[in-house]
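Before any comments, here is the structure.
The values are calculated or read from the model by the stated rules, or taken from the named source; none is laboratory data. Values in this document were obtained by computation on a predicted structure and should not be read as measured data. When we count neighbours, we look across all protein chains shown, and the Cβ atoms used for this are built from the backbone with ideal geometry, even at glycine.
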Amino acid sequence: MLAESAEAKQGAPIVVQSEECLDFATIYDNNVGVVVWHRPEQPSLTASAKALINTPGFPPLTGLYQPDKAVDALSLALPSFAGKDALVADLALQIDIFCTLFELDQTALRLTKLSQAMCPRFHVDRVPCRLVATYVGQGSEWLAHDRVDRSKLGHGCGGLDDENSGLYDTQNPVSQAETQDVVLLKGEHWQNNIGRGAVHRSPALEVGEYRLLLTLDFA
């Protein structure tokens, strides 16, 4: 089950920000489009993630992962690096939370080192819901639903960048997740959510700046 009945009244989707992962359940509310779990940056997790991105030849990690087998599978899939257990444990935690929340047997994982914005333009995802977390570097950015002119998304921008296309009021700051925050972004394929998917993008990176980004999707 991905939503309440089609007849449920819908207002403009809001952002729920919490220090409790239990509040991820509010994503089932028709009037919620983004849920942010703010959590303090953990030094051991930061050190582990930085060790991974400094591992020569680390390729993007992709695959389908089951909660009860995640620790062993991730341990085998990732190379050796200092403090590996801390990152593996947190990745397994996110897999367990995501699969439990949406009653999934498995999830599609992608863990990627980025030196430039993967999705530099504001956009919506054609998925039911996506989990994103940045272990190193800047977090993902999003726009409040009621501040977006969706006609300016994609080709509607007329070749202009996000800041000059009229997509959003540039007098209002773009919202951004902190490092190690975990974010749920409701997509266009959530039931009865066409035209209401969370509008978001990757942050711009300076030369020499990196991110370690996790995404989880429905398999």
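Listing for the model above:
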{"read-out": "In the range 126-152, the residues that are within 30 Å of A51 (Cβ to Cβ) and of a type outside the set (A, V, I, L, M, F, W, C)", "value": "R130, T134, Y135, G137, Q138, G139, S140, E141"}
{"read-out": "Condition met for P128 (touching a residue at least 24 places away in the same chain (Cβ under 8 Å) and within 20 Å of P67 (Cα to Cα))", "value": "yes"}
{"read-out": "Failed item in (1) in a loop (DSSP other than H, G, I, E, B); (2) under 21 Å from G137 (Cα atoms), with A12 passing the rest", "value": "(2)"}
{"read-out": "T107 being in contact with a strand residue (DSSP E or B) (Cβ under 7 Å, 6 or more places away or on another chain) and either surrounded by fewer than 20 Cβ atoms within 10 Å (Cβ to Cβ) or among the polar types (S, T, N, Q) (or both)", "value": "yes"}
{"read-out": "Residue check, A51 modelled with pLDDT under 95 and not in a strand (DSSP E or B)", "value": "no"}
{"read-out": "Total residues in the range 54-68, condition farther than 29 Å from G208 by Cβ and of a type in the set (S, T, N, Q)", "value": "1"}
{"read-out": "The range 183-219, residues that are part of a loop (DSSP other than H, G, I, E, B) and more than 19 Å from D29 (Cα to Cα)", "value": "S202, P203, A204, L205, E206, V207, G208, E209, Y210, A219"}
{"read-out": "Pick from the range 154-173, criterion out of contact with any helix residue (DSSP H, G or I) (no Cβ under 9 Å at 6 or more places or on another chain) and within 23 Å of R211 (Cβ to Cβ), ranking: surrounded by the fewest Cβ atoms within 10 Å (Cβ to Cβ)", "value": "P173"}
